[in-house]
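Here the structure comes first, spelled out in structure tokens, and everything after it is commentary.
The values are calculated or read from the model by the stated rules, or taken from the named source; none is laboratory data. Nothing here was measured: the structure is a model prediction, and the numbers come from that model. Every residue, glycine as well, gets a Cβ built from its backbone with ideal geometry; the counts of neighbours run over all protein chains shown.
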Amino acid sequence: MKFWLIFLFIIASFSAGAQDIIPRPNEYKQAEGFFKIPDAVSISCSDTGFSDLIPAFTASLKRYNLVAVIKKPKKGVIQILYNPIITEKEAYRLKIEPLQITVEAGSPAGCFYGLQSLVQLILNAGQSGQIACGIISDQPRFEWRGLMLDESRHFFGEAEVKKMLDLMALNKLNKFHWHLTDSPGWRIEIKQYPLLTTLGAKGNNSNPEAEAKFYTQKQITEIVQYAGQRFIEVIPEIDMPGHATAAARAYPEFNGGGSVKYPDFTFHPGKEGTYGFLTNILKEVALLFPSKYIHIGGDEVSYGNEQWSGFPEVQQLMKRENLKDLLGVEHYFLRRMADSIQKIGKTMIGWDEVVTANLATHPLVMWWRHDKPQMLDLAIKSGYEVILCPRIPLYFDFVQLDSHKSGREWAGKYAPIESVYDFPSEKFLGGISIATPLVKGIQANLWSETMHTSERLEFMTFPRLSALAEAAWSNQEIKNFSSFQKRMSGMKEIYKKSDVHFFDATIPERSKEIASPEEVKN
Ligand code: ACM
């Protein structure tokens, strides 16, 4: 008898179970027994609406050397079922029985997430090839689970972006905010204004002479489609009226000047042509991205708008529109562009500066200034929908360990994985309650000033991305950092199989900082 108990314990400790999944499923009931993964897995699907999901699933299994055979419509070992009783958009049920695995959902997105959980279970089963029986009933805490990538400061390219999208999907993140334009380089082809990419795409944060790097419209379309197959919505950001140096280099007629530290930083708000130019750009952008959103930045304009007041066109504008100061001009600019976006049929997103711009239609607001919780408060009180992405702890260009030298800090604060995991606990919110449906979710931002290579980008992203994912998906009551750390052993194996350069203080070969050429910490 004793022998058998010990035997069972050993089997259990080497098999996979729902307790291994990241992000942690919100409901799980363990049952007796194990499902033994066969050498070749057969899959059947009850609903044609779900059958598109199978190729992505089998591709992920193939990547890890598992063969899947698709059977239609006969019953496979893995069965995918449409279940209209599951009404939440991203919810799923995953049932593991000794001879059968069933993934049920009321929507393709839910089904996709059920399959992502299953991919993790299969990969975590390791040598035992066993998955513990049980039922997972799961749905996300937040509808917006985002990651932003800045490809203006440094350009990473299609293969790296797809790798990121794969890992986002496995972690059930669903919004990819793509920061495609900023001062160092313009990274999206606009057919009507080719100089944006012949001239504007030259250079990066490390080398202003670097050859032009950008995405063609064809590449953008392909990446958007690739993301869509993984239930990731891609939201483009075209930053304005600040962070415009690359565009000003290409089309100096729309340059609104800058400051000593940030030369040629803004678009010219006093010229009517600027609004036409930017509207034409947004019209092309709108056609490439099926998302209902376009992000137009709106951040940090005061860093480089001091020359505005010297332009006669701006003086006339101020008089005509009764604008008292440069902040008034900035808000006028935002109102004009918000109007364009509405006419294009999209919804605007802006950084939290837009909250005071008095826009006719509420944009979605990204609260990023952790030192200004009053902006979060004002956004919520004014009825804006909000995404939480404060620098502390959700800017992944901040260091993750005190001893790391490359990357940012803010008055001694940085972004260790524990604090990412802990988000959005009260201590990060400056006393503002987020108990409102207006708060749609959370997002981490990868600003790439100090990310000069893909290796360094990955080092700053992983494993914090998995902590972000659990913070975004799993309900507060089931979050537990030490459980997360244990479950990360499976995810780290997946990172290794995916050739990810992740940081891990506990693994000697993963603990060394992949640094940027400069020490930053400011
Ligand atoms: C920002 O970090 N400037 C949004």
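Descriptive notes on the structure:
- Scope region 47-77; condition in contact with a Phe, Trp or Tyr (Cβ under 9 Å, 6 or more places away or on another chain) and more than 23 Å from Gly228 (Cβ to Cβ); matching residues: Val77
- Answer residue from region 419-436, given it is outside any loop (DSSP other than H, G, I, E, B) and surrounded by fewer than 15 Cβ atoms within 10 Å (Cβ to Cβ) and is nearest to the ligand (Cβ to nearest atom) among those: Lys427
- Residue that is nearest to the ligand (Cβ to nearest atom), among those in region 282-299 that are part of a loop (DSSP other than H, G, I, E, B) and crowded, with 17+ Cβ neighbours inside 10 Å: Asp299
- Restricting region 437-473 to residues that are among the charged types (D, E, K, R) and buried (at least 24 other Cβ atoms within 10 Å of the Cβ) leaves a set whose member that is farthest from Asp397 (Cα to Cα) is Glu470.
- Meeting the requirement of 3 or more residues that are farther than 29 Å from Ala435 by Cα, the helices (runs of 4 or more DSSP H) wholly within region 300-410 are 312-321, 326-344.
- Checking the stated criteria, Gly441 turns out not to satisfy the condition of being within 24 Å of Pro373 (Cβ to Cβ), in contact (Cβ under 8 Å) with a residue 12 or more places away in the chain, in a loop (DSSP other than H, G, I, E, B) and not hydrophobic (A, V, I, L, M, F, W, C).
- For region 63-119, a residue qualifies if it is β-branched (Val, Ile, Thr) and under 24 Å from the mean Cα position of the chain (by Cα), and exactly one does: Val119.
- Among (1) within 16 Å of the ligand (Cβ to nearest atom); (2) touching a Gly at 6+ places or on another chain (Cβ under 7 Å); (3) not acidic (Asp, Glu) - the single one Arg391 does not satisfy: (2)
- Taking the criterion of being of a type in the set (S, T, N, Q) and either within 16 Å of the ligand (Cβ to nearest atom) or within 13 Å of the chain's Cα centre (by Cα) (or both), the residues of region 440-496 that qualify are Gln443, Asn445, Ser448, Thr450, Thr461, Ser466.
- Pairing each residue of region 295-315 that is under 17 Å from Val260 (Cα atoms) with any residue that is surrounded by fewer than 16 Cβ atoms within 10 Å (Cβ to Cβ) and modelled with pLDDT of 95 or more, provided the two are 6+ apart or on different chains, yields C-beta distances under 6 Å for Gly304/Ser259; Glu306/Ser259.
- Residue in region 329-342 that is within 16 Å of the ligand (Cβ to nearest atom) and surrounded by 16 or more Cβ atoms within 10 Å (Cβ to Cβ) present: yes
- Tallying residues that are within 16 Å of the ligand (Cβ to nearest atom) and part of a strand (DSSP E or B) within region 224-254 yields 6.
- Which listed residue, of Gln476, Gln443, Gln485, is within 22 Å of Asn26 (Cα to Cα), in contact with a His (Cβ under 9 Å, 6 or more places away or on another chain) and not aliphatic (A, V, I, L, M): Gln443
- In region 356-388, residue farthest from the ligand (Cβ to nearest atom) [restricted to those that are free of Cβ contacts under 8 Å to residues at least 40 places away in the same chain and more than 21 Å from Glu426 (Cβ to Cβ)]: Ala360
- Tally of residues being free of Cβ contacts under 8 Å to residues at least 24 places away in the same chain and either in a loop (DSSP other than H, G, I, E, B) or of a type outside the set (Ser, Thr, Tyr) (or both) across region 51-73: 4
- Single condition Ile85 does not satisfy, out of (1) surrounded by fewer than 18 Cβ atoms within 10 Å (Cβ to Cβ); (2) β-branched (Val, Ile, Thr); (3) touching a helix residue (DSSP H, G or I) at 6+ places or on another chain (Cβ under 9 Å): (3)
- Condition met for Gly76 (small (Gly, Ala, Ser) and part of a loop (DSSP other than H, G, I, E, B)): yes
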